[in-house]
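What follows is a single structure, written as C-alpha coordinates, with notes after it.
The values are calculated or read from the model by the stated rules, or taken from the named source; none is laboratory data. The structure presented is a predicted model; accordingly, all values stated were derived computationally and were not measured. When we count neighbours, we look across all protein chains shown, and the Cβ atoms used for this are built from the backbone with ideal geometry, even at glycine. These accessible areas exclude ligands, DNA and RNA; they are computed on the full protein's heavy atoms, side chains included. Shrake-Rupley method; radii C 1.70, N 1.55, O 1.52, S 1.80 Å.
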Amino acid sequence: SVSWARRGVQETGINAEYMGIYLFTMKYLFIALLALSVVAEHGVDVSTLHPDCKCLKSHGQNFFVPRCYTSVGRVDSNCAKNLENAKAAGLRADLYIFPCVSCGNPAKQITDTIAAVGSHSVDIWWVDVEKLNWPKDHAKNRAFIKEMVNELKAKGKKAGIYSNYYMWQEIVGLDWSELSGLPLWFARYDKTESCSTYQPFGGWKKPAFKQFQGTTTSVSYTHLTLPTSDLVQISVVAVSLKKK
(Lines give C-alpha, C1' and ligand atoms only; values in the text may rest on other atoms or scores of the structure.)
Protein backbone atom coordinates (compact mmCIF):
# COMPACT_ATOMS: atom_id res chain seq x y z
CA SER A 1 0.00 0.00 0.00
CA VAL A 2 2.84 2.41 0.78
CA SER A 3 4.52 1.73 -2.57
CA TRP A 4 1.26 2.39 -4.38
CA ALA A 5 0.80 5.66 -2.50
CA ARG A 6 4.31 6.77 -3.35
CA ARG A 7 3.73 6.08 -7.03
CA GLY A 8 0.60 8.17 -6.80
CA VAL A 9 2.59 11.07 -5.39
CA GLN A 10 5.18 10.90 -8.15
CA GLU A 11 2.76 10.47 -11.02
CA THR A 12 0.41 13.27 -10.03
CA GLY A 13 3.17 15.75 -9.23
CA ILE A 14 1.95 16.59 -5.75
CA ASN A 15 4.19 19.12 -4.02
CA ALA A 16 6.63 17.70 -1.47
CA GLU A 17 5.09 19.76 1.34
CA TYR A 18 1.83 17.84 0.94
CA MET A 19 3.48 14.43 0.60
CA GLY A 20 3.28 13.58 4.31
CA ILE A 21 -0.39 14.50 4.49
CA TYR A 22 -1.07 12.52 1.29
CA LEU A 23 0.64 9.37 2.53
CA PHE A 24 -1.05 9.63 5.92
CA THR A 25 -4.44 9.97 4.24
CA MET A 26 -3.80 7.09 1.83
CA LYS A 27 -2.65 4.85 4.68
CA TYR A 28 -5.85 5.29 6.62
CA LEU A 29 -8.02 5.16 3.51
CA PHE A 30 -6.43 1.80 2.72
CA ILE A 31 -7.08 0.57 6.27
CA ALA A 32 -10.67 1.77 6.10
CA LEU A 33 -11.23 -0.02 2.78
CA LEU A 34 -9.61 -3.14 4.18
CA ALA A 35 -11.89 -3.03 7.21
CA LEU A 36 -14.91 -2.88 4.92
CA SER A 37 -13.75 -5.76 2.74
CA VAL A 38 -12.21 -8.29 5.15
CA VAL A 39 -14.10 -11.57 5.09
CA ALA A 40 -13.25 -14.46 7.38
CA GLU A 41 -12.52 -17.76 5.73
CA HIS A 42 -13.95 -21.09 6.75
CA GLY A 43 -12.12 -24.38 6.72
CA VAL A 44 -12.20 -27.84 8.19
CA ASP A 45 -9.85 -30.28 9.85
CA VAL A 46 -10.23 -34.04 9.45
CA SER A 47 -8.76 -37.15 11.04
CA THR A 48 -10.11 -39.62 8.48
CA LEU A 49 -10.04 -39.92 4.69
CA HIS A 50 -12.21 -37.24 3.11
CA PRO A 51 -12.74 -38.06 -0.58
CA ASP A 52 -15.24 -35.29 -1.38
CA CYS A 53 -13.30 -32.06 -0.96
CA LYS A 54 -15.17 -30.55 -3.91
CA CYS A 55 -18.31 -30.71 -1.78
CA LEU A 56 -16.54 -28.71 0.90
CA LYS A 57 -15.43 -26.14 -1.67
CA SER A 58 -18.97 -25.79 -3.03
CA HIS A 59 -20.25 -25.14 0.50
CA GLY A 60 -17.92 -22.19 1.04
CA GLN A 61 -14.94 -23.86 2.68
CA ASN A 62 -11.58 -22.33 1.75
CA PHE A 63 -8.96 -24.46 3.46
CA PHE A 64 -8.46 -28.05 4.56
CA VAL A 65 -6.37 -29.36 7.47
CA PRO A 66 -5.88 -33.14 7.53
CA ARG A 67 -4.12 -35.03 10.30
CA CYS A 68 -0.76 -36.32 9.09
CA TYR A 69 0.74 -37.81 12.26
CA THR A 70 -1.12 -39.68 14.98
CA SER A 71 -0.91 -39.91 18.76
CA VAL A 72 -0.02 -43.61 18.55
CA GLY A 73 3.29 -42.85 16.89
CA ARG A 74 2.84 -43.32 13.16
CA VAL A 75 2.10 -41.30 10.07
CA ASP A 76 -1.58 -41.03 9.17
CA SER A 77 -2.00 -43.26 6.11
CA ASN A 78 -4.69 -40.92 4.73
CA CYS A 79 -2.47 -37.83 4.84
CA ALA A 80 -1.16 -37.76 1.27
CA LYS A 81 -4.52 -38.68 -0.28
CA ASN A 82 -6.32 -36.00 1.71
CA LEU A 83 -3.79 -33.40 0.53
CA GLU A 84 -4.21 -34.61 -3.04
CA ASN A 85 -8.00 -34.33 -2.78
CA ALA A 86 -7.75 -30.84 -1.31
CA LYS A 87 -5.56 -29.66 -4.17
CA ALA A 88 -7.90 -31.15 -6.76
CA ALA A 89 -10.79 -29.25 -5.19
CA GLY A 90 -8.91 -25.95 -5.12
CA LEU A 91 -8.66 -25.81 -1.31
CA ARG A 92 -5.62 -24.37 0.44
CA ALA A 93 -4.03 -27.06 2.60
CA ASP A 94 -2.43 -27.01 6.02
CA LEU A 95 -1.86 -30.14 8.12
CA TYR A 96 -1.70 -31.04 11.78
CA ILE A 97 0.64 -33.29 13.70
CA PHE A 98 -0.66 -35.03 16.82
CA PRO A 99 2.54 -35.87 18.72
CA CYS A 100 3.18 -39.22 20.33
CA VAL A 101 4.89 -37.99 23.49
CA SER A 102 5.53 -41.45 24.94
CA CYS A 103 7.26 -42.48 21.70
CA GLY A 104 9.99 -39.89 22.15
CA ASN A 105 12.22 -38.64 19.32
CA PRO A 106 10.11 -35.62 18.33
CA ALA A 107 12.43 -34.68 15.45
CA LYS A 108 11.89 -38.07 13.80
CA GLN A 109 8.13 -37.67 14.08
CA ILE A 110 8.53 -34.51 12.03
CA THR A 111 10.84 -36.06 9.42
CA ASP A 112 8.49 -39.04 9.07
CA THR A 113 5.61 -36.64 8.45
CA ILE A 114 7.61 -34.69 5.89
CA ALA A 115 8.44 -37.92 4.07
CA ALA A 116 4.77 -38.91 3.99
CA VAL A 117 3.69 -35.52 2.63
CA GLY A 118 6.22 -35.73 -0.18
CA SER A 119 5.79 -33.07 -2.83
CA HIS A 120 2.30 -31.96 -1.76
CA SER A 121 1.95 -28.26 -1.08
CA VAL A 122 1.28 -27.40 2.57
CA ASP A 123 1.06 -23.93 4.08
CA ILE A 124 1.15 -24.28 7.88
CA TRP A 125 2.32 -27.39 9.74
CA TRP A 126 0.38 -27.28 13.01
CA VAL A 127 1.77 -28.99 16.12
CA ASP A 128 -1.19 -30.13 18.22
CA VAL A 129 -0.67 -29.37 21.91
CA GLU A 130 -3.65 -30.78 23.76
CA LYS A 131 -4.15 -33.00 26.78
CA LEU A 132 -3.30 -36.59 25.89
CA ASN A 133 -0.51 -38.54 27.58
CA TRP A 134 1.65 -35.51 28.37
CA PRO A 135 3.72 -35.88 31.56
CA LYS A 136 3.43 -33.29 34.32
CA ASP A 137 6.98 -32.04 33.76
CA HIS A 138 6.62 -28.66 32.04
CA ALA A 139 10.31 -28.45 31.22
CA LYS A 140 10.30 -31.79 29.38
CA ASN A 141 7.10 -30.92 27.54
CA ARG A 142 8.51 -27.57 26.44
CA ALA A 143 11.65 -29.25 25.16
CA PHE A 144 9.62 -31.83 23.23
CA ILE A 145 7.46 -29.21 21.50
CA LYS A 146 10.43 -26.94 20.81
CA GLU A 147 12.34 -29.80 19.18
CA MET A 148 9.39 -30.44 16.86
CA VAL A 149 9.16 -26.78 15.91
CA ASN A 150 12.91 -26.48 15.41
CA GLU A 151 12.91 -29.51 13.12
CA LEU A 152 10.11 -28.01 11.04
CA LYS A 153 12.01 -24.75 10.74
CA ALA A 154 15.25 -26.57 9.86
CA LYS A 155 13.41 -28.30 7.03
CA GLY A 156 12.00 -25.01 5.73
CA LYS A 157 8.43 -25.56 6.95
CA LYS A 158 6.12 -22.96 8.46
CA ALA A 159 5.18 -24.14 11.95
CA GLY A 160 2.08 -23.23 13.95
CA ILE A 161 0.64 -24.23 17.32
CA TYR A 162 -2.81 -25.66 18.05
CA SER A 163 -3.88 -25.31 21.70
CA ASN A 164 -5.98 -23.27 24.10
CA TYR A 165 -5.60 -21.54 27.43
CA TYR A 166 -6.28 -24.56 29.64
CA MET A 167 -4.31 -27.07 27.58
CA TRP A 168 -1.31 -24.77 27.47
CA GLN A 169 -1.58 -24.10 31.19
CA GLU A 170 -1.53 -27.79 32.07
CA ILE A 171 1.08 -28.98 29.56
CA VAL A 172 3.72 -26.23 29.51
CA GLY A 173 2.53 -23.44 31.82
CA LEU A 174 0.91 -20.15 30.86
CA ASP A 175 4.15 -18.23 31.24
CA TRP A 176 6.00 -20.09 28.46
CA SER A 177 6.02 -17.64 25.56
CA GLU A 178 9.01 -18.84 23.54
CA LEU A 179 6.82 -19.87 20.59
CA SER A 180 4.56 -16.82 20.54
CA GLY A 181 6.07 -15.74 17.22
CA LEU A 182 4.31 -18.67 15.54
CA PRO A 183 0.69 -18.51 14.36
CA LEU A 184 -1.80 -19.79 16.95
CA TRP A 185 -4.86 -21.89 16.19
CA PHE A 186 -6.90 -21.89 19.37
CA ALA A 187 -9.90 -24.03 20.22
CA ARG A 188 -13.04 -22.78 21.93
CA TYR A 189 -16.17 -24.72 21.06
CA ASP A 190 -18.64 -21.91 21.64
CA LYS A 191 -20.10 -21.86 18.09
CA THR A 192 -19.27 -18.15 18.00
CA GLU A 193 -17.40 -16.87 14.95
CA SER A 194 -15.59 -14.20 16.90
CA CYS A 195 -12.46 -13.93 19.03
CA SER A 196 -14.03 -11.60 21.57
CA THR A 197 -13.74 -14.34 24.20
CA TYR A 198 -10.09 -15.14 23.47
CA GLN A 199 -8.08 -15.32 26.70
CA PRO A 200 -4.38 -14.59 26.01
CA PHE A 201 -1.81 -17.21 26.96
CA GLY A 202 1.73 -18.19 26.07
CA GLY A 203 2.58 -14.69 24.83
CA TRP A 204 0.00 -14.69 22.01
CA LYS A 205 -1.92 -11.43 21.97
CA LYS A 206 -4.20 -12.69 19.22
CA PRO A 207 -4.84 -15.96 17.36
CA ALA A 208 -4.64 -16.62 13.64
CA PHE A 209 -7.34 -19.31 13.64
CA LYS A 210 -10.26 -20.09 15.89
CA GLN A 211 -11.88 -23.50 16.05
CA PHE A 212 -15.39 -22.66 17.17
CA GLN A 213 -17.15 -25.98 16.64
CA GLY A 214 -16.29 -29.63 17.14
CA THR A 215 -17.24 -32.65 15.08
CA THR A 216 -20.24 -32.12 12.83
CA THR A 217 -21.80 -33.73 9.76
CA SER A 218 -22.96 -30.46 8.21
CA VAL A 219 -21.08 -28.22 5.81
CA SER A 220 -23.73 -25.50 5.56
CA TYR A 221 -21.50 -22.61 6.61
CA THR A 222 -21.31 -19.22 4.98
CA HIS A 223 -18.60 -16.55 4.89
CA LEU A 224 -18.65 -14.24 7.84
CA THR A 225 -18.03 -10.53 7.52
CA LEU A 226 -16.28 -9.56 10.72
CA PRO A 227 -17.15 -6.44 12.70
CA THR A 228 -14.40 -3.86 12.97
CA SER A 229 -13.71 -4.81 16.59
CA ASP A 230 -12.57 -8.27 15.47
CA LEU A 231 -10.36 -7.28 12.56
CA VAL A 232 -7.20 -7.04 14.64
CA GLN A 233 -7.94 -10.26 16.49
CA ILE A 234 -8.63 -12.86 13.83
CA SER A 235 -7.72 -13.57 10.24
CA VAL A 236 -9.29 -16.97 9.73
CA VAL A 237 -12.18 -18.81 11.33
CA ALA A 238 -11.85 -22.60 11.33
CA VAL A 239 -14.46 -25.25 11.95
CA SER A 240 -13.78 -28.89 12.63
CA LEU A 241 -15.74 -31.26 10.41
CA LYS A 242 -16.06 -34.99 10.01
CA LYS A 243 -18.33 -36.35 7.31
CA LYS A 244 -20.19 -39.61 7.85
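Brief remarks on what is shown
- Look at the dipole of region 118-171 built from charges on Cβ: of 161, 150, 171, the Cα furthest out on the positive end belongs to 150.
- Rounded to whole Å, the principal axis extents of the Cα atoms in region 131-202 read 36, 30, 20, largest first.
- Among 167, 148, the order of accessible area from largest down is 167, 148, computed with a 1.4 Å probe on protein heavy atoms.
- Area of residue 69 that stays accessible when all protein chains are in place (1.4 Å probe, Å², to 10): 10
- Across the accessible surface of region 102-225, with the other protein chains kept in place and a 1.4 Å probe, carbon and sulfur atoms take up 48 percent.
- Dipole axis of region 81-196 (+1 Lys, Arg; -1 Asp, Glu on Cβ), positive-most option in 118, 106, 184: 118
- Exceedance of the 23 Å cut-off in Cα-Cα distance is limited, within the set 108/155; 87/205; 54/205; 108/210; 87/191; 81/206, to 87/205; 54/205; 108/210; 87/191; 81/206.
- Phi-derived couplings, Karplus 6.51 cos²θ - 1.76 cosθ + 1.60 at θ = phi - 60°, listed residue by residue for region 157-166: 9, 8, 8, x, 10, 9, 5, 8, 3, 6 Hz, with x used for Gly and Pro.
- Note: region 90-156, Cα convex hull, 88 Å³ per residue.
- In Å², nearest 10: area of residue 125 left accessible to a 1.4 Å probe: 10
- The solvent-accessible area of residue 178, taken with every protein chain present and a 1.4 Å probe, is close to 100 Å².
- Whole-Hz Karplus values for region 143-155 come out as 5, 5, 5, 4, 5, 4, 4, 4, 5, 4, 4, 5, 8 Hz, taken residue by residue from phi with 6.51 cos²θ - 1.76 cosθ + 1.60 and θ = phi - 60°; glycine and proline positions read x.
- Sorting 123, 128, 175 by accessible area puts them as 175, 123, 128; the probe is 1.4 Å, largest comes first, and only protein heavy atoms count.
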